[in-house]
Structure formats: C-alpha cells, structure tokens
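Enquirer: Submitted below is the structure of interest, expressed as structure tokens.
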C-alpha cells in the first residue's frame, strides 16, 4: 500500500477532525450528564458563601472568644506560644488596625480598640490563588477559597500575596501544640500554609460554620450571598456594611456591619 | 605503582560501604517467609474494593479519593458491590482498620517508609474496641 | 565530564581554598538537615515576615546572574573586542549564580520533597512558574554556550555557527530573568512597598551595577593569583558600566522615594519609614539601610572621578562598596521592608538566626566553589594555549613550564565570527 503525500495530509486532516468532533461531543455530553447527576444541588441557583459580622452585637461582650475556641477545636488549630509561629484561622484585631481608613483624628472615639473578628475573606478574586504555583489553593464554584495541604510546597507566596494577613504557615510541627486533637479533622504538618476554610467540611454535611454556631450573640451571619433572600443579603440591604480594603478589587465575602 | 595502596584501600572501602546493609547491625536479617501479623476488622467483612485490588493498589484509590474529596468536593464513593462510602481515610478506612496493627505492620514488612499520611490524619478513637487479633492466611 | 580533569589538578593553595569552602558547605548542610527536621521555625522568619534572607539572597543573585549580559552584549552585539577574554568569566558567573538561586529557593520551601509539584501542576498564571521557566532556561543557555565556546577554544577550531543565535537569545533572556523576579513582588496588591512599576527597572539597574562590580573584583583577584590578565581596557570598561548602572540605580531609588514621600499616602510611607527612620520603636534595620546608602554614595564618588575609577587601589574599594551597598539594599531591606508593617499594621522584627546564616553561607560557599572550579577550567584551557601573561604568580603548577606569552588577542573572538 502506497500513500501519497496528498493522501497522508487528507487522512491526517480527517482524523484530527474526527478526534475534535468526538472531544466536542464528549464535552457536550459531559456537561449534560453532570447537570443531571447533581439533582441535590440547585444548578439554577448559584452559590457564593459569605458572612456578615455584626460588630454592634459582637462588641457586647469584648472578652468573648467563643467563635475562636470553636474553630480552633474543630480544626485542630495549634496554640503556639511564640507569636512569630502563630497559626490563626479566626482571630481578633483592634478596630483601627482592621479599618485604618475609618480612623481619623476626630472619628476614632466610638470604635477605637474594640476587637474585630477576622478570618479569610474568601475573595471573589483572591490574590493568593493567582500566585500559588501549584494550585494548592484555589477558588471553588461556591466561592470558598480552599487549601489542598497535600499539594502545598510551602513557598509562602500566598502569604506575601494576601492583603489581609489571613494565612498562617506551620513553622514547626503543630501537633504538640494541640491540646485535644479532633480525630475527624486532619492536623497539618510542618511546612504547609493554612487558613480558614469556611468550614467546608461542615457545609458538606449541611451544617453551618463552627464559629457561626458558637456565637452567643448571633453576631456572625452565614449564608449564600448570591441569593437575594438569604439572611446576610437581607442584613446588607438594611444596614451599612464595609468590607476590608475593597479598593484592592479582591471582593471579600466577609462584610462588617459597623 | 606508588598509588597501588590507595587504589586497594579505595576499593576495599567501596566494598565495605556497598555490602554494609548485609552485615550491618542496624538491618537485622529478616525471615521473608513470615507474613506480617495483621489484625483484620471483625465487625466488617467487605471492603471498598476486592481484597486483591486493595492489597496491590490501595494507594492509587486513596490518591484518587483525596483528589476527588478535597479538590472536587465529591465525597460519596459507590463501591463495586453498590455500597456507598464516604471518601475518607479517617472515617472510612480507619473506621474498620487499625493503623498500628494493619497499615503500619504491612508497611514495615514491605519496607514502605513512604506514606506520611499520619503526619496529619488521625486515628479515630472509636475503632480500637471490638477487634480481636486474627492472622491473615 | 566537561574538562573536569582541569579542575582536579591544582596547587596546594587551590586545594586548601576548596577544602575551606567544602567545610562551610558541610556546616550549611548540617544546618539544613536541622531545619528539615524541625521546620522553618529555626529561622527568624515569622507569620508577618514570611520571607527572609533566603528569598532576599535569591533575588540578589538572580541579579548577579543576569549581569553576565553586561559583558556578553557589548562583545557580541557591538563587537567590543576587549571583552573577548572575560565573556566566559561572565557566563560562568551566571551559571554559578543561577545554581545558587535554585538552592536559595529550595531551602526556603516548607515541603521541599514536593518541589516537583511546580512542574506536575504547571500554573501559568503564577509568576513563580515563569520564574522557574526563565531561570532554568537561562541556566541551560549558559551551560550550552560555555560548553561549546570553551571546547572550540581548546580544540583551536571556530565555534559552530549555530551557537551565535543561542548567545543572542541569552541576552534578552538575561533581562527576562530579573524582570520576572521583580514581577514576583511588584504584582501583589497588598504590598505597597513592592507595588511599583519601577521595581523591575530598579532590579536591572542594581544588577548591572553589582554583577560587573563582582566581575571586576574577580578579574583583579585572578590577575593577582594566576597569570590571567583580563586586560586593563576591559576592566576600565566594566568600571564605566558599573558607574552608569550605579547612577541609574540611585536615580531610580530617588524617583521611588520622591513618589512615596511627596505623595504621602501613609500605607506607602510606612515601609520607607520603617527601613530608614524606624517605626513603632523598631530601628534595627535603620543603620544597615543608611550604611547601604553611604556605601552607594561613596562608591559613586569614587567611580565618577576618572582618575579614581582607573586607580588600581581605589577601583576595588569602589567595587566592594557597590556590592555591599546593593547586597544590603536588595539582599536584606527589599524583602523585609515589604513585609513590615504587616497588612494589620504590626511591626515584627526579623533577625536571621544562626542556622539560617549557616545555610546561607553554605550556599555562598557552593557558589564560590563552582566559580573557582569553572574559572580554573577556563584558565587552564587558556594556559594550555599559552595565552596567559605573567605566569610567575600562577597557582597552577603546569603553567610554570610555559613561556610568558605576550598579550594576544583572544581566540574566542576569531571563533565567534
């Protein structure tokens, strides 16, 4: 059998076309089947998890750290004595450090010094995700910025990129610094970065985040920001809310009612 | 010819280093015919895949579970026999198997020093009860 | 191996030097094992200052690697023949510096055994990925170039024609490695200190000052220790390059300082304040940053006056000043200054620890070791060809049997065209 150059070109063109069509058909079929396969998820309704922090309610008891304690024990967050090695998922900072633009000479009295709970902002356009060289951190379809501790190489580029200081690195083995290990959630190992995961493991079971459940004042309101009728959206319609450094264009999913 | 002593000494050193694992005290001779004394779950007969597959390829399955559960958020695993499991090392695997008496013993036997799953993943406290030692055939 | 036999025949002084470097390397390696065992907590880095000396040294030495272009470009694009003898020194410097950069990145990783994840999961929107591509590409280019050119020189045959486009490609590539390294920092929204378009040009200017300054020092050392003479003209031209680059670098620093200080946006000013005046009672970098400025200005004065610039006693002083000044500025202040104050206004002091210094010095020693061995190979090849002048100071024994060759035109030049 002799194939001329013309035949060869024709054949290879046809086979490319065939392969392309097959791929396209598979893609179309794939998107169809995935839509059918998940009846539990309302595919028409987009999800973007978010949280509203009611600072007025939160400040009622400034010694309260129920949310922090609940998060730390749910996620095996270590308590390291050296502040340089601290690991923090949810923590508090004084108002003026969190919202420096709100701190002007004469407006500082009301909120100065009150502790503001902070966590990962689960940005719409997360700088940490943009810089991660291994996709160990990425944004899920529901807006949660996830971490894959199996893949993280510990380069800490995400920590340099995060404008909110929300990320912690395991400078040392965290296990000895965990009082009671919750066996249902992995600890981390030295050399990986971690942060708040919006309790995605609880959301998967239909539960709300641990910090939200733990708050005695119900100051943390969690819900779907994409749903106009959700609890956070109703609050945001009624009250004046701010995000942290919205001018950076990161689109934080955490709103503060001030 | 002046170098002969150095060459011989070098060769001798090489031979010593290369054969070290055979006579070193740190690697005692093993009886390779003896199978590890694995403790199998008593309360559960079926695994998520046939024994032959699990014995050879459990790590492949675990890696796939890890990828799907963590990165794609798919946590339900439909096994070959139609049973549905949670894709979780801690909850599903260690729900029946004991880390020390199963995983570690076989890994030690097979000389697998690799898996550092346990740097992060925990042994649940519940599964230790109700297990009686049973040797693998 | 590539002409490796040249590297294992040397004088007592050569071996003592190598042995000393190996000892420092070994100490660094032991410190690294300690770090691997305990975690990066053994360093002075912290949650707020999450990059330190390792990444700063990486940045600085990317500049040194890129600076090879300052001898390659005049020689190949402008046919500046005086650089014929030192081009190979520049390229070997680039190879050693890139290897050091890779090591600095590696020791900074929390999970070094997973380093291949960068290749397994290529992520083109991460600058780190492109840095990996540009650095490894630059390494490969320079290895090919030196290998081919030195072999041709040794065999006394013209270099193959295809090497010319490879050399030309290495010129923009050198610029790219430092540009991409600057982009690692300058694209981060939350770090005002780095978020400036001048960062990449500034990186290049400081690189083209510090790299050639180092090369001048190497040439002077080689002239003293071996018979190799780079040529007074070549050294003087390098000094002119250092002068211009230093001027441009200082100009860029002042441009940046003006924008920040006259603009007076607090978030931008704070970083400069921390570095040069101290912030919240934390002054520990202030003396170093002013030392960097003083050394830079002193070097500039020495370099600007032609009589001083060409003076055999003042030129090395100026070069040491330039190098130290930029090492402090880029190898210390640039990274730490970007992290302090933190996004939450915290001022955290960063002081490198002993294991950290030991690891850094181990990598320097590896760099010095590579440079020594590479230069030994290059010079031995030239010596065989009877090219070295003034062999009486040679550390290489076989050179002594050679006649002192008159200063001749580099063979490299004839081959490349």
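Enquirer: Restricted to the stretch A:121-136, and to residues that are touching a strand residue (DSSP E or B) at 6+ places or on another chain (Cβ under 6 Å) and assigned to a loop (DSSP other than H, G, I, E, B), which residue is farthest from residue A:92 (Cα to Cα)?
Expert: The residue in question is A:126.
Enquirer: Determine whether residue A:196 is within 14 Å of chain C (Cβ to nearest Cβ) and closer than 21 Å to residue A:245 by Cβ.
Expert: The answer is no for residue A:196.
Enquirer: So, in the stretch C:103-118, exactly how many residues are more than 7 Å from every other protein chain (Cβ to nearest Cβ), assigned to a loop (DSSP other than H, G, I, E, B) and surrounded by 18 or more Cβ atoms within 10 Å (Cβ to Cβ)?
Expert: 0
Enquirer: Considering A:165, A:143, A:191, A:154, which residue is farther than 19 Å from residue A:74 by Cα and in contact with a strand residue (DSSP E or B) (Cβ under 6 Å, 6 or more places away or on another chain)?
Expert: None of the others qualify; the one that does is A:143.
Enquirer: Okay, next question. Can you report the number of residues in the stretch C:1-35 which are in contact (Cβ under 8 Å) with a residue 24 or more places away in the chain and outside any helix (DSSP H, G or I)?
Expert: 5
Enquirer: Here are some conditions: (1) more than 12 Å from chain A (Cβ to nearest Cβ); (2) modelled with pLDDT of 90 or more; (3) closer than 28 Å to residue B:35 by Cβ; (4) crowded, with 17+ Cβ neighbours inside 10 Å. Residue B:77 meets all but one. Which one does it not meet?
Expert: With (1) more than 12 Å from chain A (Cβ to nearest Cβ); (2) modelled with pLDDT of 90 or more; (3) closer than 28 Å to residue B:35 by Cβ; (4) crowded, with 17+ Cβ neighbours inside 10 Å applied to residue B:77, the lone miss is (3).
Enquirer: Would you mind finding the one in B:84, B:112 that is away from chain A (no Cβ under 12 Å) and touching a strand residue (DSSP E or B) at 6+ places or on another chain (Cβ under 8 Å)? Give the derivation first.
Expert: Working: B:112 fails: touching a strand residue (DSSP E or B) at 6+ places or on another chain (Cβ under 8 Å).
Testing whether each residue is away from chain A (no Cβ under 12 Å) and touching a strand residue (DSSP E or B) at 6+ places or on another chain (Cβ under 8 Å) leaves just B:84.
Enquirer: Something else about it: Tell me which residues, restricted to the stretch C:309-326, are in contact (Cβ under 8 Å) with a residue 60 or more places away in the chain and buried (at least 22 other Cβ atoms within 10 Å of the Cβ).
Expert: Result: C:315, C:318, C:319, C:322, C:323, C:326.
Enquirer: Return the total of residues in the stretch C:157-181 being away from every other protein chain (no Cβ under 14 Å) and part of a helix (DSSP H, G or I).
Expert: Final tally of qualifying residues: 17.
Enquirer: Here's a follow-up. Does at least one position in the stretch A:98-115 carry a residue that is in contact with a strand residue (DSSP E or B) (Cβ under 7 Å, 6 or more places away or on another chain), in the same structural domain as residue A:55 (by TED's automatic domain parsing), at pLDDT below 95 and in a strand (DSSP E or B)?
Expert: Yes, the stretch A:98-115 contains a residue that is in contact with a strand residue (DSSP E or B) (Cβ under 7 Å, 6 or more places away or on another chain), in the same structural domain as residue A:55 (by TED's automatic domain parsing), at pLDDT below 95 and in a strand (DSSP E or B).
Enquirer: Something else now. Mind counting the residues in the stretch A:222-258 that are in a loop (DSSP other than H, G, I, E, B) and in contact with a strand residue (DSSP E or B) (Cβ under 8 Å, 6 or more places away or on another chain)?
Expert: The total comes to 8.
Enquirer: Those residues that are surrounded by fewer than 19 Cβ atoms within 10 Å (Cβ to Cβ) and not in a helix (DSSP H, G or I), I need them from the stretch C:224-237; list them, please.
Expert: C:229, the sole residue that qualifies.
Enquirer: Looking at C:221, C:240 in this structure, which one is in contact (Cβ under 8 Å) with a residue 40 or more places away in the chain and surrounded by fewer than 20 Cβ atoms within 10 Å (Cβ to Cβ)?
Expert: C:240
Enquirer: Under the condition of being under 24 Å from the mean Cα position of the chain (by Cα) and surrounded by fewer than 17 Cβ atoms within 10 Å (Cβ to Cβ), which residue from the stretch A:102-134 is farthest from the other protein chains (Cβ to nearest Cβ)?
Expert: Per the criteria, the residue is A:124.
Enquirer: Going by the conditions given, is residue A:84 at the interface with another protein chain (Cβ under 7 Å from one of its Cβ atoms), farther than 19 Å from residue C:112 by Cα and surrounded by fewer than 24 Cβ atoms within 10 Å (Cβ to Cβ)?
Expert: Working: at the interface with another protein chain (Cβ under 7 Å from one of its Cβ atoms): yes; farther than 19 Å from residue C:112 by Cα: yes; surrounded by fewer than 24 Cβ atoms within 10 Å (Cβ to Cβ): yes.
The answer is yes for residue A:84.
Enquirer: Residues that are on the phi < 0 side of the Ramachandran plot, at pLDDT below 95 and facing another protein chain (nearest Cβ under 8 Å): does the stretch A:204-223 have at least one?
Expert: There is at least one residue in the stretch A:204-223 that is on the phi < 0 side of the Ramachandran plot, at pLDDT below 95 and facing another protein chain (nearest Cβ under 8 Å).
Enquirer: Oh, and also: Out of curiosity, is residue A:177 surrounded by 24 or more Cβ atoms within 10 Å (Cβ to Cβ), assigned by TED's automatic domain parsing to the domain that holds residue A:97 and within 30 Å of residue C:55 (Cα to Cα)?
Expert: It is false that residue A:177 is surrounded by 24 or more Cβ atoms within 10 Å (Cβ to Cβ), assigned by TED's automatic domain parsing to the domain that holds residue A:97 and within 30 Å of residue C:55 (Cα to Cα).
Enquirer: Between A:200, A:213, which is surrounded by fewer than 22 Cβ atoms within 10 Å (Cβ to Cβ) and within 14 Å of the chain's Cα centre (by Cα)?
Expert: Details: A:213 fails: within 14 Å of the chain's Cα centre (by Cα).
Within the list A:200, A:213, the selection yields A:200.
Enquirer: Taking residue C:36, is it within 14 Å of another protein chain (Cβ to nearest Cβ), surrounded by fewer than 21 Cβ atoms within 10 Å (Cβ to Cβ) and either closer than 23 Å to residue C:336 by Cα or over 22 Å from the mean Cα position of the chain (by Cα) (or both)? Full working, then the answer.
Expert: Working: within 14 Å of another protein chain (Cβ to nearest Cβ): yes; surrounded by fewer than 21 Cβ atoms within 10 Å (Cβ to Cβ): yes; either closer than 23 Å to residue C:336 by Cα or over 22 Å from the mean Cα position of the chain (by Cα) (or both): yes.
Judged against the criteria, residue C:36 is a match.
Enquirer: Does residue A:172 satisfy being farther than 20 Å from residue C:112 by Cβ, within 12 Å of chain C (Cβ to nearest Cβ) and either touching a residue at least 12 places away in the same chain (Cβ under 8 Å) or in a helix (DSSP H, G or I) (or both)?
Expert: Taking the combined requirement at face value, the residue does not satisfy it.
Enquirer: Continuing with this model, one more query. Regarding the stretch C:119-141, can at least one residue be identified that is assigned to a helix (DSSP H, G or I), under 24 Å from residue C:333 (Cα atoms) and more than 9 Å from chain A (Cβ to nearest Cβ)?
Expert: yes
The values are calculated or read from the model by the stated rules, or taken from the named source; none is laboratory data. Since we're looking at a predicted model, the values are computed, not measured. All Cβ positions, even for glycine, are placed from backbone atoms using ideal geometry, and neighbour counts span all protein chains on display.
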